[in-house]
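Here is the structure we will look at.
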Amino acid sequence: MATLVLTAVGTAVGGPIGGALGAVLGQQVDQNILFKSSGREGHRLQELAVQTSSYGTQIPRIYGKMRVAGTVIWATDLKEIRESSGGGKGRPSSATYSYSVSLAVALSNRNISDIGRIWADGKVFRGSAGDFKTETGFRFLKGHEDQAVDGLMASAEAIDGTPAHRGIALAVFEDMDLTDYGNRIPSLTFEVIADDGSVSLGKIINDISDDKIKASIDEHLHGFAAAGEDRREAVTTISDSFSLSFSSVSGALNAKYRHPEIDTEIVSLRGLIVSNHNGRPVDRPETNTVSELKIPRQHTLRYYEPERDYQSGLQNAFRPGTSRVILNQDFPAALSSTHAKTIAQARLWSLYQERISMQLHVLCTASSLKPGTFVSWNDRCDIWLVRSWELNRGNISLGLSKAGDVLPNVDGSADNGRPVKELDALAGMTRLALVDLPFASDAPMQVSDVPRLYAAAAGGLGWRKAELFAGDAGDVTYDSIGQVTAPARIGTALEPLNSSGQHIIDRQNELLIQMHNGNMHLDHADQGRLLIGQNIASIGQEIIQFGSAEPIGDDRYILSHLYRGLGGTEREIDRHGANEDFVLLNGADLAEIDPRYFTSFLPVTISALGRGDDFPVPMVIQEPGRALKPWSPVHPRYDLGQNGDLHISWVRRSRAGLLWPDNIETPLAEEAEKYRVSINGQPIAEPTNPEVVLSPTEVQSFRDLDVSSLALEVRQIGQHNISDPLLFVIAI
């Protein structure tokens, strides 16, 4: 249509040349837009990744090793568990709720040998080592014809009314914890191991057909899921992918390739071709060639790739030509990318060769030439496959199609792309660190009126979370207080961090850190990022920042360009030892410990229990509550007056002093301003201003005792506690 229209328009505008250009343009529009081929469709890929629970859902027969979702055939209602904690020693109690469910999933209507990994909502639920990442009871029924009724289902239902589901492989979960999945049943997929190793096409076809079809095809698949309206459809899925033919031999069906193999017998038709048919002479066999434009030029094959945890893969095969026909085929098998590419290319070229067909007549003595036989009849040694056989008067009519033993341009090399896999690793033992911060982790620039004690935890590469408890495993006040929901970046200081003296910016010292596992990384931070709070960490009891994190291998880093004593922790600068805990605070999944589970400034034991722990892992902190403790004063000054009095002053600091937003004095963050001043260990005054004055008489009294210097301590008295001392010496 567009060809005619644009030819006429082009001729009217540009004469013959315009008409020719219009015709070319119109032809492209017709071929690629208006009458573009929709492509040929093969069998749909079985939706093995979508779990169902509908009545009438087909349960496939699994061969080899496949990942399938299965069908939920039985489930209980959600089970609610209420746990109360606290309530002792004047603490209010709290209630937490968790949910679990029990269910059974049908996986295969052919018995299986084992179940490997299990995924829940795409995440590893059961690892290759058989470890479950979430609490659940589990067992599976192999699907034998004599399997017994599952005890869990029988106890929940009437035992007389509970089927054993014989012949169906089942996975049964008991009290599966749903906390990690929004208190709903997640979508489960299973690595089903039906056979040891790969499985041959011959074995699959024999089993699907109940041994009605004998197939000695030795090509192997990693796995296959047979499904369809009937057995024929399941076999057709295979025969269409591998170009198989079927013939009857001694009353039994045989399956084999439609192209000859090395040891295939080729029957010569020399002397068997008849020269006339029904009284009419037959000069030569009748050949018919289908137009190349009707044969697929591209074959797109979808399948499952074991190397990528059975995600869907796609391989394309092409041949030269001008055809626009595309063969789209879904093959429910687990294959390597190279194997899939080879299958697609072989199928494409088989269809191209088979476009040439032939009809010829042979003597009745050639009655053994049944469909599936390979023959040759001319001097060119062309090989043909007998597709049909019909007995006529005095001869046999054979329908042949072209077959070749070498498929041109078949290159099986393929790339399956970068695999995107969910990490499958053991949880390992939990490592717990308690961090007593002088501020809230989510608001480090704001004053806190409650203690800020946090739990950071990690484990092996497969560690996910841990339950937290107040008290160790033998404590009678063992209360559940929450959980750490994700691993923090934790390490160990292999050497003591040296003191920086009075310098907050430390460009001299370095810190050698061994991270807990290989998934934990540290990054550099420039000056701008440091100013907005990047790379804040705790090392022992000191809060620091680091600008440089140099990896040196084996999960070790050298930290340098340090900011020391942040958040009023400068007293800890001189108190470091080896093997101290290192915890990166930025973006860490820290679990805040509710203050009702401990008393500020008194020792408390917190324990953690993860999936890889046999017993809770305890950690003791001696004086939690640093966020309530005033910061020590700084910058002492003194002046001995002409009249003999001693004027001593200092600069106060505030727990709200992490920011200076309006360039005016920071609020004290206490109910009142008050200090305690001691000289030589004896308190002498509690002034309400950052200064104190000793009279000439008081100064002289020290001199009369032969005291030549005064050791002063100045502490700020806060609403909840008293600060560490400001220490300095005054010579008199």
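The values are calculated or read from the model by the stated rules, or taken from the named source; none is laboratory data. All of these numbers come straight from a predicted model, not from anything done at the bench. Note: ideal-geometry Cβ built from the backbone for every residue, glycine included; neighbour counts use all protein chains shown. Surface areas here come from the heavy atoms of the whole protein model, side chains and all, with no ligands, DNA or RNA. Shrake-Rupley method; radii C 1.70, N 1.55, O 1.52, S 1.80 Å.
Worth pointing out:
- Per-pair calculated FRET efficiency, R0 = 25 Å: Ser247 and Asn378 via Cβ, rounded to 0.05: 0.60
- Computed over the chain, Cα set: Rg, Dmax in Å: 41.0, 151
- Ordering of 314-322, 288-296 by burial proxy (mean other Cβ atoms within 10 Å per residue, highest first): 314-322, 288-296
- 24 Å Cα-Cα reach of Lys212 towards lysines, excluding residues that sit fewer than 8 places from it in its own chain: Lys203, Lys256, Lys370
- Over the chain, accessible surface divided per residue gives 50 Å², non-protein components excluded, 1.4 Å probe.
- Computed [θ] at 222 nm, helices only, for the chain once each DSSP H run of length n ≥ 4 contributes -39500 (n - 2.57): -3500 deg cm²/dmol
- Divided by 2.2 N^0.38 Å, where N counts the residues, the Cα radius of gyration of the range 587-732 comes to 1.45.
- The separation of the range 183-208 from the range 554-589, counted between C-alpha centres, amounts to 51 Å.
- Counted over all Cα-Cα pairs of the range 97-232, pairs farther apart than 23 Å make up 45 percent.
- The value of relative contact order for the chain, using C-alpha pairs under 8 Å at least six residues apart, is 9 percent.
- Rg/Rh for the range 685-732, where both radii come from Cα atoms and Rh is the Kirkwood radius: 1.04
- To the nearest ten degrees, helix 231-242 and the longest principal axis of the Cα atoms of the chain are 90 degrees apart.
- Cleavage-rule hits, trypsin sites (Lys or Arg not before Pro), the range 142-218, DSSP coil, Cβ neighbours within 10 Å at most 13: Arg184, Lys212
- In the range 574-638, the alpha-carbon atoms span a convex hull of 176 Å³ per residue.
- Peptides ranked, highest mean first, by Cβ atoms within 10 Å: ranges 556-566, 502-512: 556-566, 502-512
- Inverse mean reciprocal Cα-Cα distance (Kirkwood Rh) of the range 608-652, Å: 15.7 Å
- Considering only alpha-carbon pairs that sit under 8 angstrom and 6 or more positions apart, the relative contact order computed for the range 124-210 is 29 percent.
- Rg in Å to one decimal, and Dmax rounded to a whole Å, for the range 333-398 via C-alpha atoms: 16.3, 52
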